[in-house]
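Step one of this worksheet: look at the structure below.
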Amino acid sequence: MSIWPAESIWEAVAPLLPGFTVEVLPEIDSTSTELMRRARAGRTEPTLLVAERQTAGRGRLGRPWQSAAGDSLTFSLGLPYAPRDWSGLSLAVGLSVAESLHPDIGLKWPNDLWVKERKLAGILIEAATAGDHSQLVIGIGINIRPRPAEGLSTPPAALTELWPAATAGDALLRLMPPLVRALQAFEQKGFAPLQPLFDARDVLRGREVLTSDGLQGQALGLGPTGALRLLTAQGERDVHSSEVSVRPFKGNAS
Ligand code: BTN
């Protein structure tokens, strides 16, 4: 097993999240699947679950999430959560992770971190009802070192392109405390205050894009609740659903 800074993460996060625990497993099907199982069984204490290897990693829209043990960071954070409005949560998470890791990381609506036109990381947001409250499970996969394209149209980006000495443990220690603070701020204030910060990293803004449900237009940026504003031939449309994927129409595919 690699060396993980579990204690340092715990020391930084426990004052913000009482009852917080950190677990590192050599292997599991999926950290998000495991935290969802625990939530359904009533185990809702705030938990960071890190896996060195996932045998059934999941991405958005039912896609698999491939990661190479040792070259990736795969983890999920589960916690009780009650925001006034859930819209834009995945954007807030992506923004926090990008800000923690490097100024040159871009954000591709709704859930991806990009570097130089390629995907660096993905975010999977899920919620379970546990008793009388909602349990949030945020799953994040980050490519730390380069890995082969494995059937993807473009090879993924790696964090070491921007931060050559990065390890999975360094990245996790750097991003966790700000992520927890960002979640707590979002719970109170929602997405609106983050909109200008997202704009500064928005890789789609100004580009022609195509959504998976067939809408085509120019990306105009985001609305105050995090909807993607598109200028289509039929006029302006807001794309709300996180159940769609978006890619630049001319240029590299996602
Ligand atoms: C996406 O880009 O489609 C989201 C990818 C999310 C992957 C992470 S890896 C840790 C956690 N466990 C999973 O099975 N998925 C998330």
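Counting protein heavy atoms only, the stretch 73-184 has 55 percent of its accessible area on carbon and sulfur, 1.4 angstrom probe. Taking every DSSP helix (H) stretch of at least 4 residues in the chain, weighting each as -39,500 (n - 2.57) and dividing the sum by the residue count yields a mean residue ellipticity at 222 nm of -7500 deg cm²/dmol. Computed from the C-beta positions of T21 and A200, the FRET efficiency with R₀ = 30 Å rounds to 0.30.
A 1.4 Å probe run over the protein chains yields, for the chain, 44 Å² of accessible area per residue, whole-number rounding. Note on the chain: lysine pairs with Cα distance below 21 Å, sequence gap of 8 or more or different chains, count 5. Of the residues W86, W114, W163, the one with the largest accessible area comes first in the ranking W86, W163, W114, computed with a 1.4 Å probe on protein heavy atoms. Taking the protein heavy atoms of the stretch 1-58 in the context of the full set of protein chains, the accessible area attributed to carbon and sulfur is 53 percent at 1.4 Å. Reported value for the chain: 122 Å³ per residue, from the convex hull of its C-alpha atoms.
Counting Lys and Arg as +1 and Asp and Glu as -1 over every other residue whose Cβ lies under 11 Å from the Cβ of R205, the net charge comes to +2.
Placing pseudo-labels 7 Å out from each Cα toward the beta carbon at T55 and Q188 gives an inter-label distance of 4.4 nm. Given R0 = 41 Å, the distance between the Cβ atoms of D132 and D213 translates into a calculated FRET efficiency of 0.75.
For L35, the accessible area of its heavy atoms, probed at 1.4 Å with every protein chain present, is near 10 square angstrom.
The values are calculated or read from the model by the stated rules, or taken from the named source; none is laboratory data. Quick caveat: nothing in here was measured; it's all calculated off a predicted structure. Cβ atoms come from the backbone with ideal geometry, glycine included; neighbour counts cover every protein chain shown. Just so you know, the surface numbers come from the protein's heavy atoms only, side chains and all, with ligands and any DNA or RNA stripped out. Shrake-Rupley method; radii C 1.70, N 1.55, O 1.52, S 1.80 Å.
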